[in-house]
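Have a look at the structure below before the remarks.
The values are calculated or read from the model by the stated rules, or taken from the named source; none is laboratory data. It should be emphasised that the depicted structure is a prediction, and the values quoted were computed from it without experimental measurement. Positions of Cβ are generated from backbone atoms using ideal geometry, with glycine treated the same way; all protein chains shown enter the neighbour counts.
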Amino acid sequence: MVENFGGSILYLILFLIQLLGLSFYSYLVILNPKKIIADYQVGEGAIAPIRLIGSFIVPLVLVGIYLLFTSIEGAWIYFILGLLTSLYQLFYDLGTRFGIIDKGYTIINKTEDTIISIVFVVASVVLINGLHDKIYA
């Protein structure tokens, strides 16, 4: 498994951190959406959109598990999609936090969400940079 990640335990650990984060989020949106409803005070009517978002996350988890046990060669789109998603989440979080985006709405910004977005962006950049010879093969 380590050899799949260029022989580096660091890259394997970063990949696992991202995969576990996505897995936890998938669990929340599919099996425990009421926690998200309560945490972000979006109301019971948000359950359908929350589950819809989960339908985009679950395939990423499944593909990530597949890549973990097979090969990451040529899987650049998976890593780029993770980076772009994390960047968007970070920009949206910061935009709402500083009142640039959706300032007419009540948006709940949690510090942990900002930190998680930063961790995912950094991990994605490190993985893409360090594994570019494998993922672009």
Note: among Gln41, Gln18, just one is polar (S, T, N, Q), touching a residue at least 60 places away in the same chain (Cβ under 8 Å) and surrounded by fewer than 13 Cβ atoms within 10 Å (Cβ to Cβ), namely Gln41
Discussion item. For the structure I just gave you, tell me whether Asp102 is acidic (Asp, Glu), out of contact with any strand residue (DSSP E or B) (no Cβ under 8 Å at 6 or more places or on another chain), closer than 28 Å to Tyr40 by Cα and buried (at least 16 other Cβ atoms within 10 Å of the Cβ).
Written reply: no
Going residue by residue through the range 102-113, is there one that turns out to be on the phi < 0 side of the Ramachandran plot and under 14 Å from the mean Cα position of the chain (by Cα)?
yes
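For every residue, the table says whether it meets (1) of a type in the set (Lys, Arg); (2) part of a helix (DSSP H, G or I).
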| residue | (1), (2) |
| --- | --- |
| Leu12 | no, yes |
| Phe24 | no, yes |
| Lys35 | yes, yes |
| Ala38 | no, yes |
| Val42 | no, no |
| Pro49 | no, yes |
| Tyr66 | no, yes |
| Ile72 | no, no |
| Leu83 | no, yes |
Thr111 vs (1) within 17 Å of Phe5 (Cβ to Cβ); (2) without any contact (Cβ under 8 Å) to a residue 24 or more places away in the chain; (3) of a type in the set (S, T, N, Q): all pass except (1)
Restricting the range 23-58 to residues that are among the hydroxyl-bearing types (Ser, Thr, Tyr) and closer than 19 Å to Ile108 by Cβ, the one modelled with the lowest pLDDT turns out to be Tyr40
Of the listed residues (Ala75, Ala46, Ala137, Ala123), the one being closer than 27 Å to Met1 by Cβ, surrounded by fewer than 17 Cβ atoms within 10 Å (Cβ to Cβ) and of a type in the set (Gly, Ala, Ser) is Ala137
In the set Ile65, Ile108, the lone residue that is under 18 Å from Ile13 (Cβ atoms) and either surrounded by 14 or more Cβ atoms within 10 Å (Cβ to Cβ) or not charged (D, E, K, R) (or both) is Ile65
Picking from Phe5, Phe79, the residue that is more than 12 Å from the chain's Cα centre (by Cα), within 23 Å of Ile118 (Cα to Cα) and touching a residue at least 12 places away in the same chain (Cβ under 8 Å) would be Phe5
